[in-house]
Amino acid sequence: MILIIMGVIQFFFSVVIGMYFLSQLKKQNGNKGEVNRDSMFEVEKLRHLREIKLTEPLSEKTRPKEMKDIVGQEEGIRALRAALCGPNPQHVLIYGPPGIGKTAAARIILEEAKKTTMSPFSDKAKFIEMDATTLRFDERNIADPLIGSVHDPIYQGAGSYGNAGIPQPKPGAVTKAHGGVLFLDEIGELHPIQMNKLLKVLEDRKVMLESAYYQKGDRNIPIHIHDIFTNGLPADFRLVGATTRSPEDISPALRSRCIEIYFRPLTANEVIAITKNAAIKGAFDLSEGVDELVAQYASNGRDAVNIVQIAGSLACIEKRRVITVEDIEWVIGFGKHCPRIENRVGKTPQIGLVNGLAVYGKSQGVVMEIEVTANKAIGGIGKLSVTGIIEQEETSNRGQKLKRNSTARASVQNMLTVMWRDFGIDTSCYDLHINFPGGMPVDGPSAGIAIFTAVFSAIMQKPVPAQIAMTGEISIHGKVKPVGGVPAKIEAAKDAGAKIVYIPKENKQAIFEHIDIEVRAVSDIQQVISDIFGELPLKLPKESNTTESVTMLTASPLLQTQENF
């Protein structure tokens, strides 16, 4: 009897438990059906969203897709190909202003490298692009999109692995770029902690992750996670970093690991070519003078395309296909665009006016006028005025503030010494005014020979040929010393219309022979003066009275008489 009662009770509880699980199963199926219905609804919403498309922006249509589409940057592209397309690709840092094609060039070069038989990049090599300004990470290592992180079991969303107490490694961009290229735009903005982590990855070519929840002897942890914590995640890629900052602002440790390439600003002619291409891609016609006007106000390709796009939109609204000069002037007006600063050399020789050459950073050359007036001083003692330069500047370098006097003024002092020592000209007999027009921040000693030539021209009243430019430091012994940025300066002189450029002999390179401008390398200032003006003046004896008149031999073919000063 007892057995019967126990069997009935057991049967009863079995039925109850069975009904409970059946109810749970029905509930689960009901929830699953509800989830499926919601999922299908969301899929339908996504489908409708994807059907909505706007027209492709003109900036997308004009983005370079092949090597021939990149305007300018011939030397930069050549250097980038050498760095990435060879059998041993290197990490690269690209310097240059925005909107000149740094990202497009890197992407296209990788595609070319994938087609090169000697290149280690396979046809599946990825181009992973990230912006360093948006790379935010958690200091607790919960999330790190660049290097990678570990999703520990305690964090929300750990899933089945978390329920089992298993840490889950999450690969970052350095692992996703394995076997390819990681492009970091604005790499100069990368957080110092991230920079240090990145340097370690570049050194080891793998990422080592850590977690307090990882136990080497835990058999519940899957084999692949054991492998990751033991051997790390692979990260053998090539870094291409782009920045608008100057080299001094970039981590020296990063620079030492990379090939540095400088992309120069676009010339006016290159901006004109981009403007015409944008008009073609946008199905617009340009009236006469539009492309040149755009080039006057657009400093890069992106600006040119944007100007064409907004002017073209105005033309379309007014039922026109032709973009007029008035349209561009309207865009320039409301957009507050500033004109490009591009000096051109003159056409006629002038007394006391010389085209000097300067450089911004290490990539942008510019022609800089230096003008001098010299008048006999009343009473025999002259005055020296130097205007248009920075007398003293304050710089900040890694938390330190430094003050320094302008070395351009030092060049003036060197000029005065050499003028008397080598040419016997006592500049104290003259009121000299040396000016750098435009208020340009002049610094560095490279204006030395230009200053000397301008002063000599003003004192001797000899005109300087208009289509020459020069750069070089002058020592107190009259030697022309080497300076920096000479290739960029020569390019600027050529673009400004100069025919001859004087550079220090120690800066001479074989590649200058293939540039469409005559480059004359000089070792001392006497070579410069004799080459420009002809015969040198007779030098006074050191013991003579410098206040007496100085006899000079004229250098002008039109004036063969002697001049007394």
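Using beta carbons and a limit of 8 Å, which pairs, at least six apart or on different chains, have the first residue in the range 172-190 and in the same structural domain as ARG257 (by TED's automatic domain parsing) and the second one of a type in the set (Asp, Glu) and not in a helix (DSSP H, G or I)?
Qualifying pairs under 8 Å: GLY172/ASP144; HIS178/ASP236; GLY179/ASP236; PHE183/GLU129; LEU184/ASP131; ASP185/GLU129; ASP185/ASP131; GLU186/ASP131.
Residue by residue through the range 496-516, note down the ones that are in a loop (DSSP other than H, G, I, E, B) and either buried (at least 20 other Cβ atoms within 10 Å of the Cβ) or in contact with a strand residue (DSSP E or B) (Cβ under 6 Å, 6 or more places away or on another chain) (or both).
Within the range 496-516, ALA496, ALA498, LYS508 qualify.
Looking at the range 302-407, what strands (runs of 3 or more DSSP E) fall wholly within it and have at least 2 residues that are at pLDDT 85 or above?
Once the strands (runs of 3 or more DSSP E) in the range 302-407 are filtered for at least 2 residues that are at pLDDT 85 or above, what remains is 353-360, 364-376, 384-387.
Which ones in the range 467-495 are modelled with pLDDT under 90 and surrounded by fewer than 17 Cβ atoms within 10 Å (Cβ to Cβ)?
Once the filter is applied, which keeps residues that are modelled with pLDDT under 90 and surrounded by fewer than 17 Cβ atoms within 10 Å (Cβ to Cβ), the range 467-495 yields only GLY484.
Quick check on my filter: what residues within the range 278-293 are crowded, with 19+ Cβ neighbours inside 10 Å and either in contact with a strand residue (DSSP E or B) (Cβ under 9 Å, 6 or more places away or on another chain) or touching a residue at least 60 places away in the same chain (Cβ under 8 Å) (or both)?
ALA278, ALA279, GLY282, PHE284, LEU286, VAL290
For the range 110-217, give me every one of the strands (runs of 3 or more DSSP E) that falls completely inside it and has 1 or more residues that are surrounded by fewer than 20 Cβ atoms within 10 Å (Cβ to Cβ) and within 22 Å of the chain's Cα centre (by Cα).
Output list reads 127-131.
Identify, please: which residue in the range 408-442 is of a type in the set (Val, Ile, Thr) and modelled with pLDDT under 85 and is, among those, nearest to ASP524 (Cα to Cα)?
It comes out as VAL412.
Condition first: touching an Asp or Glu at 6+ places or on another chain (Cβ under 6 Å) and of a type in the set (Gly, Ala, Ser). Can you find one or more residues in the range 294-313 that meet it?
yes
Give the residues of the range 237-263 that are assigned to a loop (DSSP other than H, G, I, E, B), in contact with a helix residue (DSSP H, G or I) (Cβ under 7 Å, 6 or more places away or on another chain) and under 23 Å from GLU342 (Cβ atoms), sorted by residue number.
PHE263
If I ask for residues that are under 22 Å from PRO487 (Cα atoms) and free of Cβ contacts under 8 Å to residues at least 24 places away in the same chain, which ones from the range 76-111 would you list?
ARG78, ALA82, listed by residue number.
Considering only residues of the range 57-79 that are among the charged types (D, E, K, R) and either out of contact with any helix residue (DSSP H, G or I) (no Cβ under 9 Å at 6 or more places or on another chain) or surrounded by 18 or more Cβ atoms within 10 Å (Cβ to Cβ) (or both), which is nearest to ASN269 (Cα to Cα)?
Only one residue fits best here, namely GLU74.
In the range 44-51, is there at least one residue being touching a residue at least 12 places away in the same chain (Cβ under 8 Å) and surrounded by fewer than 10 Cβ atoms within 10 Å (Cβ to Cβ)?
No, there is no match, as no residue in the range 44-51 is touching a residue at least 12 places away in the same chain (Cβ under 8 Å) and surrounded by fewer than 10 Cβ atoms within 10 Å (Cβ to Cβ).
Which one of these is within 18 Å of LYS61 (Cβ to Cβ) and out of contact with any strand residue (DSSP E or B) (no Cβ under 9 Å at 6 or more places or on another chain): ILE307, ILE317?
ILE307
Can you tell me how many residues in the range 481-519 are within 25 Å of the chain's Cα centre (by Cα) and of a type in the set (Phe, Trp, Tyr)?
Residues meeting the conditions: 1.
Only one of (1) surrounded by fewer than 22 Cβ atoms within 10 Å (Cβ to Cβ); (2) modelled with pLDDT under 90; (3) assigned to a loop (DSSP other than H, G, I, E, B) is not met by ILE100, so which one is it?
Tallying (1) surrounded by fewer than 22 Cβ atoms within 10 Å (Cβ to Cβ); (2) modelled with pLDDT under 90; (3) assigned to a loop (DSSP other than H, G, I, E, B), ILE100 fails exactly one: (1).
Find the residue count for the range 237-277, including only residues that are among the polar types (S, T, N, Q), buried (at least 20 other Cβ atoms within 10 Å of the Cβ) and in the same structural domain as LYS126 (by TED's automatic domain parsing).
1
Filter the range 294-308 down to the residues that are among the polar types (S, T, N, Q) and under 19 Å from ARG264 (Cα atoms), then identify the one that is surrounded by the fewest Cβ atoms within 10 Å (Cβ to Cβ).
Step by step, filter the range 294-308, then rank; the result is GLN296.
The values are calculated or read from the model by the stated rules, or taken from the named source; none is laboratory data. None of the values given here were measured: they were computed from a predicted structure. For neighbour counting, all protein chains shown are included, and Cβ atoms are generated from backbone atoms with ideal geometry for every residue, glycine included.
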